[in-house]
Protein chains: 2
Amino acid sequence: MDKKYTIKDIAKMAGVSKGTVDRVLHNRGKVSPTALDKINEVLNVIDYEPNLIARNLKNTKVYRICVLLPDPEIDPYWLPCVNGIQEAITEFKAYGVIIETHYFNPESTKSFLHTNETIIKKSPDAVLIAPLFHKETLGIVKQYDELNIMVNTFNNQIEGESIKSFVGQDLNKSGRVAASLMNLIITEGQIAIIHIDESLKNAVHMQEKEKGFRNYFDEKKIPGFPITTLKLKHPNVESKFSTFLEENPNLKGIFITTSKAYQIASILAPLKNKKIAIIGYDLVEKNVNFLNQGLVHFLIHQNQKRQAYLGVSTLVEHFLFRKDIPETILLPIDIINVENASFYVS
Amino acid sequence: MDKKYTIKDIAKMAGVSKGTVDRVLHNRGKVSPTALDKINEVLNVIDYEPNLIARNLKNTKVYRICVLLPDPEIDPYWLPCVNGIQEAITEFKAYGVIIETHYFNPESTKSFLHTNETIIKKSPDAVLIAPLFHKETLGIVKQYDELNIMVNTFNNQIEGESIKSFVGQDLNKSGRVAASLMNLIITEGQIAIIHIDESLKNAVHMQEKEKGFRNYFDEKKIPGFPITTLKLKHPNVESKFSTFLEENPNLKGIFITTSKAYQIASILAPLKNKKIAIIGYDLVEKNVNFLNQGLVHFLIHQNQKRQAYLGVSTLVEHFLFRKDIPETILLPIDIINVENASFYVS
DNA sequence: ACAAAAAATGTGCTCGAACACACTTAAACA
DNA sequence: TGTTTAAGTGTGTTCGAGCACATTTTTTGT
């Protein structure tokens, strides 16, 4: 009953050769109705599952997957992705899968396009892209499509029918989650939504989070929370924010839409008389430090590592095990405070 | 450079036969120092990784893994585990791994022991156990050890040097997480820790959570929160809790250590004048309903599904890919509120 | 009715690791 | 030096799916 049936078993049971069974299983035609019936009869009784190991052994093809993401040296936000990709490399090396990482400068569309050129020259079987630039991505994806190179995207959700799959988070919802937490920490007072980013290329990302945050308060019709948006950019973060602080003495909560919450926290740290709630993103070391100090109240975990890992692993499993690539994988919006943080940092 | 080297490649490069290479790779001896040197020289230059697919193909052994957990019909807490196990079954069926689930009555040590007998008769290669009964588990594990059957445990952490591996959550920490959230929701008032359980076999489980919860308030020396513990058991839950409510008009927060938060929420639902914060465990449907209604504020996700999945998958990967079985896997303590719940229910 | 074409079926090899077994070379001892 | 024993080395088969190709059977056309 538990037996693993092989093609040979089926052949024997149906009284035909394994070649015929193989033709039936793969609809390769050239099978007489008599033989088809006999084989189908057997197939209906037993529960045949092809041995994936044997199937893959024959396939000596080396799959090449290229990952395209911003240089973590320029924006450390992407650092966890490298770990996720490394995990996939280790896991699938033994199956003859080569995974290469290529970095581009997140500030430069030219760099993005150029790195894509490099990747195309490598003629990979699939690519995983962090599609920071909307227009350019659509063009590039079209090119990949023509070359029959499979494309998966992660982190930034790009609209467009040529984009077939995406791994990431629902940013709007994550903004809502932040809002719901803020609503819990403070009972009234002004709230600031702060976008801090060097590249400003994450505009859509940040706006989506802001929308979600504001929507929460709008929908619930919760009064007493005037919300202001602030855009800060290096190197004026400190000066601009300090002026803002002075001009808004009733500020009670800050929602930072990027992983730079620590920048704000470090400014607020010396001001002991201020009691301002901070909610930010990502478990980068500096953020976690402030979380432990009690200066940052909540962090939302975007789990870039898992995003990247899933991005490649779905591709690999598609090639190796013929699994479908899910259209969208939305990772959970993990709520992190000082008490559960340690379980998420990896 | 990307090439996948095979034993044949190494043999050719070292000028020996694949048999000799095989003996070197597996330290099977009977190799002359000359040949050993030549082969090692090649191995140092190239990066040989045996092809796992080919290795497993030869191994026609069918692995049998038995999972032992309480009957979900008696305690629906265990229902998600079944899904996790099912996932593992589907994933590993093609590799010749048979995973069987056996249920026992969580109220009866006799049933536990009896089911173990049944499992032993099946002579599996490994078992995954939900070790509800401390003493009995230790005895059983010893028996498995003698029979050379690998044992993994999940959900309940049992001390004992014969227990080699465990998948679960840090319950003390999860109590702390609950406390930190409670401390956020309410500013003062009485807090009740409620243990609701039919079987009462989860005593250790619940106590650990209570300890963590109390510790948090003790450590932080937060005043104004008298904490009372309440043990409720079917069928007296409603009556006993109602009396408690009347006797404690200043009750502001409730922490339920089991998945039965909905029982308390449903009692509080009609009492519109009461504003009591509820924190509970597990994303069972009824709990999520009350979460959506705003009656339950937070749920802590114990992720039984993943616990069970990881419990078996680590065993399977040990057999198939010779991976080590981690001593302890502590799953993150996911904080769930109404805004992010949808991403966790599966 | 018989050859040619078409359809159906079976055979045999491949993939890479693992191991049994056959074989060759070297050492040990009389 | 010849013979036994041990040490070292190579060959060949297995696992199951997949596919190319050889072979057999059936159909078609004259």
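Structural remarks
- The mean number of partner chain beta-carbon atoms within 10 angstrom of a residue's beta-carbon across peptide B:37-45 is 0.
- Between this copy and the others, label points of A:Ser162 are 6.4 nm apart in ascending order, each placed 7 angstrom from Cα in the Cβ direction.
- Remark: the stretch A:180-192, residue by residue, has Karplus-estimated 3J(HN,Hα) of 5, 6, 4, 4, 8, 6, 10, 9, 6, x, 6, 10, 10 Hz, where x stands for each Gly or Pro and the curve is 6.51 cos²θ - 1.76 cosθ + 1.60 at θ = phi - 60°.
- Between identical copies, the spacing of B:Asp9 label points, each set 7 Å from Cα toward the C-beta atom, reads 3.4 nm from nearest to farthest.
- Of the cross-linked pairs B:Lys164/B:Lys209; B:Lys231/B:Lys274; A:Lys110/A:Lys209; B:Lys61/B:Lys122; B:Lys164/B:Lys323, those separated by over 18 Å at the C-alpha level are B:Lys164/B:Lys209; B:Lys231/B:Lys274; A:Lys110/A:Lys209.
- Shortest-first distances to equivalent copies, position B:His26, nm, label 7 Å out along Cβ: 3.1
- Nearest-10 value in Å² for the accessible area of B:His26, using the 1.4 Å probe: 80 Å²
- Shape call, the stretch B:7-50: gyration tensor on alpha carbons, a/c limit 1.5: rounded
- Computed E for A:Lys3/B:Gln207 - FRET, C-beta separation, R0 45 angstrom, nearest 0.05: 0.45
- The stretch B:57-90 and the stretch B:261-337 have Cα centres separated by 19 Å.
- Residue among A:Ile149, A:Ile53, A:Ile256 with the largest mean-square fluctuation in a Gaussian network model of chain A, springs linking Cα atoms under 10 Å: A:Ile53
- Between helix A:134-146 and chain A: long-axis angle, C-alpha atoms, 0 to 90°, nearest 10: 10 degrees
- Karplus 3J(HN,Hα) series, Hz, for the stretch A:127-132 with 6.51 cos²θ - 1.76 cosθ + 1.60 (x for Gly, Pro): 10, 10, 10, 8, x, 5
- Put simply, the amide H of A:Ile194, placed in the peptide plane, has neighbours under 5 Å in A:Leu230, A:Phe255, A:Ile256, A:Thr257, leaving out anything fewer than 5 places away on its chain.
- Note on A:Lys240: accessible area approximately 110 square angstrom, rounded to 10, probe 1.4 Å, nucleic acids and ligands left out.
- Relative contact order of chain B, defined on C-alpha pairs under 8 angstrom at six or more residues apart (%): 16 percent
- Computed on the stretch B:236-286, with alpha-carbon pairs under 8 angstrom and 6+ residues apart, the relative contact order is 43 percent.
- Placing +1 on each Lys and Arg Cβ and -1 on each Asp and Glu Cβ, with no other charges, gives the stretch B:7-50 a dipole about its Cα centre of roughly 280 debye.
- Amide H contacts of B:Ile99: B:Ile65, each under 5 Å away and 5 or more positions distant or on a separate chain (H built 1.01 Å from N in the peptide plane; Pro and chain starts excluded).
- For the stretch A:171-301, the solvent-accessible area with a 1.4 angstrom probe is 43 square angstrom per residue.
- Rolling a 1.4 Å probe over the protein heavy atoms leaves B:Arg64 with an accessible area of roughly 50 Å².
- Three-way shape label, the protein assembly as shown, alpha-carbon gyration tensor, a/c 1.5: oblate
- Whole-Hz couplings from phi, Karplus 6.51/-1.76/1.60, listed for the stretch B:166-178; x for Gly and Pro: 8, 10, x, 10, 7, 5, 4, 5, 5, x, 4, 4, 4
- Carbon plus sulfur fraction of accessible area for chain A, probe 1.4 Å, in percent: 51 percent
- When the helices of chain B are scored as -39500 (n - 2.57) per DSSP H run of n ≥ 4 and the total is divided over every residue, the value at 222 nm lands at -14000 deg cm²/dmol.
- Close amide H pairs (under 5 Å, H built 1.01 Å from N) link B:Ala277 with B:Gly253, B:Ile254, residues at least 5 positions away or on another chain.
The values are calculated or read from the model by the stated rules, or taken from the named source; none is laboratory data. Because the structure is a prediction, the values reported are computed rather than measured. All Cβ positions, even for glycine, are placed from backbone atoms using ideal geometry, and neighbour counts span all protein chains on display. The protein model used for the area step is the full one, side chains on, heavy atoms only, and it has no ligands, DNA or RNA in it. Shrake-Rupley method; radii C 1.70, N 1.55, O 1.52, S 1.80 Å.
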